[in-house]
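Below is one structure; the comments refer to it alone.
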């Protein structure tokens, strides 16, 4: 965290537990077969999605959270947004909070994009007049001039993302929370979003982002954190955290390790079986391929043919 920046979000000992119910405890079974339901209840277990997480984020900081699927990233972001109540611990924020989380969250599909935008503003305390003044900028950024008065059930997933980001970013937030939902948009819109995020950051807006896009994490973040099995195991520079994450992927997947050592092309050319195993590994770790592809593209752009050194 920037030493001179005031803290705008303080997270202390936050945990989130979900009670996992095994089959056999449905209401019908409980009423008709109480003994069977009782036996099933003894097999219930608790799932800790987030365990004892603590960190501070300063004003104007870009803080990214990465980790494998199921590591607790999105569950943590929902806790930070106040959409889920922690089982233990506290989240304290200073300033107006704006969120871009699950695709379609906060939208009513039967209502127009225009009315959904206004409703989103009203929910965080803005007036209708304030939102109507912001609407031209929101619509222009999202590129939805022809569709803003259509019901959102007619929107594509990309249109949802464009409108959702524009609303979240133009509502003058002091803290902006962004989940992996940006991955749904096309590459040009993603770059447009990151440019606007950089503009917000220069204005002192704090950005907290969950992402599988490791290249974006390295390019834009001031600090990053790595989540594993619900715990925040490392907070450091983006390069430190991304490197640790890739090392952990290499430990758990021989195919990822070989791709890191020898290159993707050499690995998949080895045999059809090697390519199949690598494709399966990528289903679990899509962030790896995304990062390597972007690194190679940058290397080709600068004429070296090699990814830039970290």
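The values are calculated or read from the model by the stated rules, or taken from the named source; none is laboratory data. Keep in mind that what you see is a predicted model, and the values were worked out from it rather than measured. Methodologically, a virtual Cβ is constructed for each residue, glycine included, from the backbone with ideal geometry; neighbour enumeration extends over all protein chains shown.
Assigned to a loop (DSSP other than H, G, I, E, B) and in contact (Cβ under 8 Å) with a residue 40 or more places away in the chain: does that describe residue 232?
no
Do we find a residue being in a helix (DSSP H, G or I), crowded, with 17+ Cβ neighbours inside 10 Å and in contact with a strand residue (DSSP E or B) (Cβ under 7 Å, 6 or more places away or on another chain) anywhere in the stretch 137-151? It would help to see each step written out before you state the result.
Of the residues in the stretch 137-151, the ones in a helix (DSSP H, G or I) are 137-142.
Those still in the list that are crowded, with 17+ Cβ neighbours inside 10 Å too: 138-139, 141-142.
In the following step, the residues that additionally are in contact with a strand residue (DSSP E or B) (Cβ under 7 Å, 6 or more places away or on another chain) were identified as none.
No, because not a single residue in the stretch 137-151 is in a helix (DSSP H, G or I), crowded, with 17+ Cβ neighbours inside 10 Å and in contact with a strand residue (DSSP E or B) (Cβ under 7 Å, 6 or more places away or on another chain).
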Original post:
So residue 177 clears everything in (1) over 25 Å from residue 66 (Cβ atoms); (2) in contact with a helix residue (DSSP H, G or I) (Cβ under 9 Å, 6 or more places away or on another chain) except one condition, right? Which one?
Top reply: (1)
Subject >> Flag for residue 93 being in contact with a helix residue (DSSP H, G or I) (Cβ under 7 Å, 6 or more places away or on another chain) and crowded, with 17+ Cβ neighbours inside 10 Å >> reply: no
Original post:
Just to be sure, is residue 53 in contact (Cβ under 8 Å) with a residue 12 or more places away in the chain, outside any loop (DSSP other than H, G, I, E, B), touching a strand residue (DSSP E or B) at 6+ places or on another chain (Cβ under 9 Å) and surrounded by 21 or more Cβ atoms within 10 Å (Cβ to Cβ)?
Top reply: yes
**OP:** Kindly check whether there is at least one residue in the stretch 227-236 that is at pLDDT 85 or above, at positive phi and crowded, with 21+ Cβ neighbours inside 10 Å.
**Re:** yes
Subject >> Within the stretch 85-126, tally of residues that are free of Cβ contacts under 8 Å to residues at least 40 places away in the same chain and part of a helix (DSSP H, G or I) >> reply: 6
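For the stretch 235-255, what are the residues that are closer than 22 Å to residue 12 by Cβ and either out of contact with any strand residue (DSSP E or B) (no Cβ under 6 Å at 6 or more places or on another chain) or in a loop (DSSP other than H, G, I, E, B) (or both)? It would help to see each step written out before you state the result.
From the stretch 235-255, those closer than 22 Å to residue 12 by Cβ are 235-236, 241; that's our starting set.
236 - this is the single residue of the stretch 235-255 that is closer than 22 Å to residue 12 by Cβ and either out of contact with any strand residue (DSSP E or B) (no Cβ under 6 Å at 6 or more places or on another chain) or in a loop (DSSP other than H, G, I, E, B) (or both).
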Subject >> Residue satisfying all of: in the stretch 212-226; outside any helix (DSSP H, G or I) and in contact with a strand residue (DSSP E or B) (Cβ under 6 Å, 6 or more places away or on another chain); surrounded by the most Cβ atoms within 10 Å (Cβ to Cβ) among these >> reply: 224
